[in-house]
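J.: Take this structure first; my questions come after.
The values are calculated or read from the model by the stated rules, or taken from the named source; none is laboratory data. This structure is a prediction, so every number in the text was calculated from the model and none was measured. FYI the Cβ positions are ideal-geometry reconstructions off the backbone, even for glycines, and counts take in every protein chain you see. Ligands, DNA and RNA are stripped out before the accessible areas are found, and what is left, the full protein with its side chains, is counted by its heavy atoms. Shrake-Rupley method; radii C 1.70, N 1.55, O 1.52, S 1.80 Å.
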Amino acid sequence: MRGEVADFQLSVDSLLENNNDHSRPDIQIQAMRLAEKLKCDTVVSEISTGQGTVNFKINRELLTKTVLQQVIEDGSKYGLKSELFSGLPQKKIVVEFSSPNVAKKFHVGHLRSTIIGNFIANLKEALGHQVTRINYLGDWGMQFGLLGTGFQLFGYEEKLQSNPLQHLFEVYVQVNKEAADNKNVAKSAHEFFQRLELGDAQALALWRKFRDLSIDEYIRIYKRLGVHFDEYSGESFYREKSQEVLKLLDSKGLLQKTIKGTAVVDLSGNGDPSSVCTVMRSDGTSLYATRDIAAAIDRMEKYNFDEMIYVTDKGQKKHFQQVFQMLHIMGYDWAERCLHVPFGVVQGMKTRRGDVTFLEDVLNEIRLRMLQNMASIKTTKELENPQETAERVGLAALIIQDFRGLLLSDYQFSWDRVFQSRGDTGVFLQYTHARLHSLEETFGCGYLNDFNTACLQEPQSVSILQHLLRFDEVLYRSSQDLQPRHIVSYLLTLSHLAAVAHKTLHIRNSPPEVAGARLHLFRAVRSVLANGMKLLGITPVCRM
C-alpha cells in the first residue's frame, strides 16, 4: 500500500478459534489466502496484507461523496441517523441536576452538576428521547428557620430585591454567627422552622418570597450558561408527601424507632449498622432521604419515566443506593430505572475576590479573564460584542477542561490551563470554528455550486473524511457510558486535522473546482464541530 495507512484492517488472529498456538508465518499464509479470495468492488478499491492482517482501501471518490453529502444533508442530525441507533426505543427520561441550596454557597460541585447534567440531557434529546430537566432546589429545612429569623434581625427589603442570592447568603452567614453565641437566636430559628412545617401563613409568605426571588435570579444566571430547566422543584414540595412515605414504611412494618426517638429503616434486614437509613428526626420532621423517596414516587406518577438520572458528586453515592433500595423494598419495581451519575471533586477554583460563592462569580471571572486574553491578541478589535464572545469562548474552555477526563476523577482546577490558546483546550475548538466560518464568509458564494470529489485526494483530506465518518461511533460510545470525553477527544482531533489541512489545502489561487471541493470539506468539518460542541453545552462562536 506504499506507506498509506489502510482504511480498515482485519486481524486474522481474531478469526482463528484458539489463537495462542498459531505461529507467525502460519498467520501470514492465512492472511494471504484470505486476501486472494476477496474481491474488490465499488466500495473497496484495494485489498492487501500486512503483519497478520488483511487491509482494505476504500474507493476514495465514494468516501468523499458519501461523507460530504451525508454531513450536509443531515445537518445537525449527522451521526445520529446511523444504524448504530436504529431501532432505539424512544424513552421518557428525567434528569435531575444542578440543584443548589437557596441561601447557601453555589459551589463548584453545583457547577459540575450543571454542565454534566446539561450534557446528558442534550445527548438524550439528540437521540430522540423525551427529556425533562429538573432543578431540585434545597429550599427547605432548618436553614430556613435561621434565614427567617436572620432576615427579621438583619435583612433589608431593597437589598433582597436587588440581589437576593447575595443578600440571603450574607444574612445566613450573620445569623449563624449570632446563633452560635446567643441561645435565644437559635431558639427562635427553631421556632420559625416549626411554624413553617406547621404551615403558618406569615412564615410561609416570607419563605416563598425568598424562594421566588432566588429562582428568578437563578434563571437569569443559567441563561448565561446556556442551560434551561423544565421544572424547578424542591424539597419543600415533599414535606407532606414524605409523611405519606413514613406511613407507608410503617404499614409495611419497615420502620423502627430508636432510643433517641428517630425512625430508621434497616436495609440489610439483619441489623447491619452500615445499612441503616434514618428517615425521620425525633421531632417528626423529614430528612433528605425521605424527601428524595417522596420526590421519586411523585415524578413517576407525573412523568411515567423509563429512566431517571441523578447527577451529583460521588459523595452522595451511598445516599442514592439507599434511596433506590428503599423504593425497591417499598414495592416499587421501577426503582431499577433510577441511576446515579457520580462525579469527582474539583480543587482550587478561586476567583480574584476569593473563594467561589456564586455561579455568577465564576461566569464573571471567566468573562474577565477571557477579555484580557483577547485584548492581548491583535485580531480581536472588530468584534461587535466582545463581552458575549468572551463568555462563550471562556465557557468552552471551562467545559472542555472539565470533560476531558473521566467524570469520576477529581482534578485540580487551573485558570491558566483553562485559557491556554494552544493545545487541547476549548479555546482551540472555538478558534477552529471561527476560522472555518471566516473561510466560508470570504469564499462562500463563488465556489459552493460546482465541486468535483476527485479533487480531494490529498492525505490531509482523506484523514479528515475518515474522521468525519467515525462521528457516529463516538456518539454511540458516549450514549452508552454517559461520558463526554469521547466526544471531546474526537472534536480536538478534528480541530487538529483541520488546522493541518488549512495550512496545506489553499483555497485562494486554486482552480475553481479544487477550491470548491476544499470549501465543501471545511464546511463539513465546521458543521460536525458545531454539532459536537452544542451537545457538550458549548455555543460555537463565528468570530473571535
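J.: Kindly write out, for region 94-103 in residue order, the coupling ³J(HN,Hα) from the Karplus curve 6.51 cos²θ - 1.76 cosθ + 1.60 (θ = phi - 60°), rounded to whole Hz, with x marking Gly and Pro.
T.: Values per residue, Gly and Pro as x: 9, 10, 9, 8, 6, 6, x, 9, 4, 6 Hz.
J.: Taking the Cα-to-Cβ direction at Glu473 and at Tyr288 and moving 7 Å from each Cα, how far apart do the two end points lie in nm?
T.: 4.1
J.: Next up: Output wanted: per-residue J couplings in Hz (rounded whole) for region 143-159, from phi through Karplus 6.51 cos²θ - 1.76 cosθ + 1.60, θ = phi - 60°, x for Gly and Pro.
T.: Whole-Hz 3J(HN,Hα) from phi for region 143-159: 4, 7, x, 4, 5, x, 5, x, 5, 5, 8, 10, x, 10, 4, 5, 5.
J.: Amide H of Met280: which non-local residues (sequence gap of 5 or more, or other chain) have their own amide H closer than 5 Å, using H built in the peptide plane?
T.: For Met280, the qualifying residues are Ala263.
J.: Starting from the Cα-Cα distance between Lys318 and Asp216, subtract it from 0.36 nm times their residue separation and give me the gain in nm to one decimal.
T.: Result for the pair: 33.5 nm of gain on full extension.
J.: Which parts of region 469-510 would a label at Thr66 reach, counting a residue when its backbone N lies under 12 Å from a point 7 Å out along Cα-to-Cβ?
T.: 469-470
J.: Here is a further query. Just the number, please: carbon plus sulfur as a percent of the accessible area of the chain, 1.4 Å probe, no ligands or DNA/RNA counted.
T.: Numbers: 13200 of 26080 Å².
On the chain, the fraction of accessible area on carbon and sulfur atoms equals 51 percent.
J.: Could you sort the peptides 91-102, 124-135 by per-residue average Cβ neighbour count (10 Å cutoff), highest mean leading? Present the calculation step by step, with values, prior to reporting the outcome.
T.: Details: 91-102: 23.3, 124-135: 18.8.
Order by mean packing, descending: 91-102, 124-135.
J.: What full-extension length gain, to one decimal in nm, is calculated for Lys209 and Asp13 as 0.36 nm per residue of separation minus the Cα-Cα distance? Intermediate values should be presented prior to the final figure.
T.: Details: separation 196, 0.36 × 196 = 70.56 nm, distance 6.91 nm.
Computed gain between Lys209 and Asp13 is 63.6 nm.
J.: Another one. Say R0 is 35 Å: what FRET efficiency, to the nearest 0.05, do Gln480 and His228 get from their beta-carbon distance? Don't jump to the answer; show the numbers that get you there.
T.: Values: r = 26 Å, r/R0 = 0.74.
Computed FRET efficiency for Gln480 and His228: 0.85.
J.: Hey, what's the chain come to in accessible area per residue, 1.4 Å probe, Å²? Display every interim value, and only then the final one.
T.: Details: 26080 Å² over 544 residues.
With the other protein chains kept in place, the chain gives 48 Å² per residue.
J.: Using +1 at the C-beta of Lys and Arg and -1 at the C-beta of Asp and Glu, which of Tyr78, Gly150, Gln316 has the Cα lying farthest in the positive direction of the dipole of the chain?
T.: Gly150
J.: Read through the labelled values [x] 27.1; [y] 24.4; [z] 23.6 and report the label of the one computed as Kirkwood radius over Cα pairs in Å from the structure.
T.: Given [x] 27.1; [y] 24.4; [z] 23.6, the structure-derived one carries the label [x].
J.: While we're looking at this one, here's another question. For the ranges 501-514, 274-287, what's the packing order if you count other beta-carbon atoms within 10 Å of each residue, average per peptide, and put the highest first? Intermediate values should be presented prior to the final figure.
T.: Details: 501-514: 13.9, 274-287: 16.6.
The densest-packed peptide leads the list: 274-287, 501-514.
J.: To the nearest 10 degrees, how steeply does helix 24-37 sit against the main Cα axis of the chain, on a 0 to 90 scale?
T.: 70
J.: With +1 assigned to the C-beta of every Lys and Arg and -1 to the C-beta of every Asp and Glu, and no other charges, what is the dipole magnitude of region 50-197 about the Cα centre in debye, to the nearest 20? Spell out each step's value before the answer.
T.: On the way: 17 positive and 14 negative charges, 113 e Å.
Its charge dipole is roughly 540 debye.
J.: With labels modelled as points extended 7 Å from the Cα through the Cβ direction, what inter-label distance (nm, one decimal) is found for Phe154 paired with Asp74?
T.: Rounded to a tenth, the inter-label distance reads 5.7 nm.
J.: I would also like to ask the following. Sum -39500 (n - 2.57) across every DSSP H segment of at least 4 residues in the chain, then divide by the residue count to get the 222 nm mean residue ellipticity, nearest 500.
T.: Details: 19 runs with 295 residues, N = 544.
Here the helix-only value at 222 nm equals -18000 deg cm²/dmol.
J.: Additional query: Quick check: pseudo-label points 7 Å beyond the Cα along Cα→Cβ at Leu383 and Glu301, how many nm apart are they?
T.: Roughly 5.0 nm, to one decimal.
J.: Follow-up question, since we're still on this one. Say a paramagnetic label sat at a point 7 Å from the Cα of Glu240, along Cα to Cβ; which residues of region 184-214 have their backbone N under 20 Å from it?
T.: 193-209, 211-212
J.: Further question on the same structure: Would you work out which of Gly234, Leu327, Leu497 lies farthest towards the positive end of the dipole of the chain? Charges go on Cβ: Lys and Arg +1, Asp and Glu -1.
T.: Looking along the dipole axis, the top candidate is Leu497.
J.: With a 10 Å radius around each residue's Cβ, average the other Cβ atoms per peptide and rank 185-194, 476-485, highest first.
T.: On the way: 185-194: 18.6, 476-485: 17.1.
Per-residue Cβ counts within 10 Å, averaged per peptide and sorted highest first, yield 185-194, 476-485.
J.: For the pairs Lys105/Lys257; Lys241/Lys314; Lys57/Lys503, flag any whose C-alpha to C-alpha distance is greater than 31 Å.
T.: As for pairs spanning more than 31 Å Cα to Cα, those are Lys105/Lys257.
J.: Size of the dipole of the chain about the Cα centre, Lys and Arg at +1 and Asp and Glu at -1 on the beta carbon, nothing else charged, in debye to 20? Present the calculation step by step, with values, prior to reporting the outcome.
T.: On the way: 64 positive and 64 negative charges, 197 e Å.
Magnitude of the dipole: close to 940 debye.
J.: Another question, then. With a Förster radius of 35 Å, plug the Cβ-Cβ distance of Leu248 and Glu191 into 1/(1 + (r/R0)^6) and report the FRET value to the nearest 0.05. If you can, show how the numbers build up before the last one.
T.: On the way: r = 30 Å, r/R0 = 0.85.
After rounding to 0.05, the efficiency reads 0.70.
J.: Rounded to the nearest 0.05, what FRET efficiency is calculated for Gln412 and Thr493 with R0 set to 22 Å and r the Cβ-Cβ distance? Could you put the intermediate results ahead of the total?
T.: On the way: r = 25 Å, r/R0 = 1.13.
It comes to 0.30.
J.: Whose amide H sits under 5 Å from the amide H of Thr49, counting only residues 5 or more places off or on another chain, with H placed in the peptide plane?
T.: Amide H neighbours of Thr49, under 5 Å, 5+ apart: Asn55.
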